[in-house]
Amino acid sequence: MSDGKSSTLERFKRSARVLKKAYAEGEAQALARVAAHTLPDKSLKHADFLHVIACEAGQDSWPKLKFALETTAMNRRERAERLKIALFHGQHWVTEKLLAGEPDLKDDDFGLQIALLDLSAVHAVLAADPSAAVRTIGVRSPILHLAYSREVHRSPEKAEDMMAIAALLVANGADVDDGYAQRPGEGKLSALYGALCHADNYELGRWLLERGANPNDNESLYHSTELEHSRALRLLLDFGAIPDGTNALPRALDFESEEKVRLLLSAGASPNVTEPDLPGGMPMNSIPSLHHAIRRGRSARIVDLLLEFGAEAKAVWCGHTAYATALIYGNGPAARFLGERGYASPLSDTESVLAGCAESPAQTGRLDPAHLTKADRCLLTELAATPGRLEHLEALVRSGFDPDMTDHMGLSPLQIAGWNGLVPEMAYFLSLGPDLTRKNGYGGDALDTVVHGAEFAPKRPEADHIACARLLLEAGSVLYPAYIAGCGNEDMAAFLEDWRDTRR
């Protein structure tokens, strides 16, 4: 961004801070300005004052005002690249803004014409040069530009044109099994994965499968379990996707979806098959499904479903039966269900202490860490991501757990709580004096982890990433400029900028 545009943006930000201060002091004009653009009786955040400033500047929102300033400083090539990002991520308002100001922005780029579902333009290009159907544009081939575009959700009336473009590309040599690596050395992400799981484009995904796309591409089945619906998962299974040897069943068990679990089990997924961890350290389904469901807090209905499909109720994982695991992880409904079905098992001394930390946190026993299994030692990091487990976490620490332990990616309980925006849990681990500068396996310290969590962590009603960031900053975390520049959450970015500016 040029100095002029940067200074203009800073001026708007200062105006928001001035308005916020005046509003807090009850100035009548400030109250009237805010009331004109916000809901009455709303608990206002810094982002709300930015919103007021944006509306007064003629934009619908702060992101749109910021975007308008940024794009005027871009050249045509940069705006075209920004349009590609918008189509990939489904940022439809960005697409509309860019095309409204420059309708011919796509005319210089075949990838953009495909992603925007411009059938006439695609037809003209291929008529003049059929080899364009297989020539890479940037990092992706034409069929991948189509598969990873989310434009059909903005323009559903173009669905037929989308299918016609797919047919044109394949007729001119495009491979329905094409893929690309996001980073050097990584496995390829297929066109099928792009359509079904990235773009949530069921019709295009089905079309690819009907024309021979491989449903066993090591990505699609797993990620289909993460979608809000089960259509994609059902489609893949109908076309012969094989669950065993993938993470699909354990991933489905990370959610309370009886339908998805049943689909996988009915398709032959074994609840008892486990795979060794990958050499790089990312865990596969190395845990029996019954134990995994229990530690993820799944209901008795899903436990019963796993038993119906042959899960071994008396199997032992890391020294614990499923019943003991339910007690250790505080999954009372699953423990009661297993007990009623006759699968209760006597607890060892260590299991009794661990179960007591969950059931009666105020009466904590003492543990010898040397007697804990690897899975037991991960209890803090497992539970730190779960809302409402503060007393359980405190009890585990009192019993002898190390609050600075890390999981397989180097994330401490503090960082995991922060990633998920869990304020009471973060405040507790902060009170134990952790090292705020320690880097995890992703390269981030505690504050960086919270900032990224504000954008990418599961959206939970309990989450308050800004409050977590404030706790860290008050405790001495360093706010590096890159944390603000790389933040994709507008509220968090505004908070961090405000914190920086008021402490200069």
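Every read-out reported here was derived from the displayed coordinates using simple, explicitly stated rules and does not represent laboratory data. Please read all numbers here as calculations on a predicted model, not as lab measurements. Quick reminder, even Gly has a Cβ in these numbers, built from the backbone with ideal geometry, and neighbours come from all protein chains shown.
His392 sits among other residues whose Cβ lies under 12 Å from its own Cβ, and their net charge, with Lys and Arg +1 and Asp and Glu -1, is -3. Across the chain, C-alpha contacts under 8 Å between residues 6 or more apart give a mean separation that, scaled by the residue count, equals a relative contact order of 7 percent. Sorting Arg262, Arg11, Arg150 by the number of Cβ atoms found within 10 Å of their own Cβ, with the fewest placed first, yields Arg11, Arg262, Arg150.
Charges on Cβ only, +1 for Lys and Arg, -1 for Asp and Glu, centred on the Cα centroid of the chain; of Leu144, Ser61, Asn216, which one is farthest towards the dipole's positive end? Positive-most Cα among the choices belongs to Ser61. When the listed pairs Lys314/Lys374; Lys84/Lys158; Lys20/Lys66; Lys13/Lys97; Lys42/Lys97 are checked against a 26 Å cut-off, the alpha-carbon distance exceeds it for Lys42/Lys97. The rule of thumb for compact globular proteins, 2.2 N^0.38 Å, goes into the C-alpha radius of gyration of region 371-504 1.02 times. In whole Hz and in residue order, list the ³J(HN,Hα) couplings for region 253-262 that follow from phi through the Karplus curve 6.51 cos²θ - 1.76 cosθ + 1.60, θ = phi - 60°; x for Gly and Pro. Residue by residue, region 253-262 yields 6, 6, 10, 8, 10, 4, 5, 5, 4, 5 Hz. Net charge dipole, region 212-281: roughly 200 debye, given to the nearest 20, about the Cα centre with Cβ charges of +1 for Lys and Arg and -1 for Asp and Glu.
Of the residues Tyr329, Tyr428, the one with the fewest other Cβ atoms within 10 Å heads the list, and the complete ranking is Tyr428, Tyr329. For His291, neighbours were defined as the other residues whose beta-carbon sits under 13 Å from its Cβ, and their charges (Lys and Arg +1, Asp and Glu -1) total +1. The order of Cys55, Cys197, going from fewest to most other C-beta atoms within 10 Å of their C-beta, is Cys55, Cys197.
Within 11 Å, Cβ to Cβ, of His320, how many net charges do the neighbouring residues add up to if Lys/Arg are +1 and Asp/Glu are -1?
Neighbour charge sum, excluding His320 itself: -1.
Note on the chain: helix-only mean residue ellipticity at 222 nm, from DSSP H runs of 4+ residues weighted -39500 (n - 2.57) and normalised by residue number, equals -15000 deg cm²/dmol. Spin-label pair Glu256-Val134: with each label point 7 Å from Cα along the Cα-Cβ axis, the two points sit 5.1 nm from one another.
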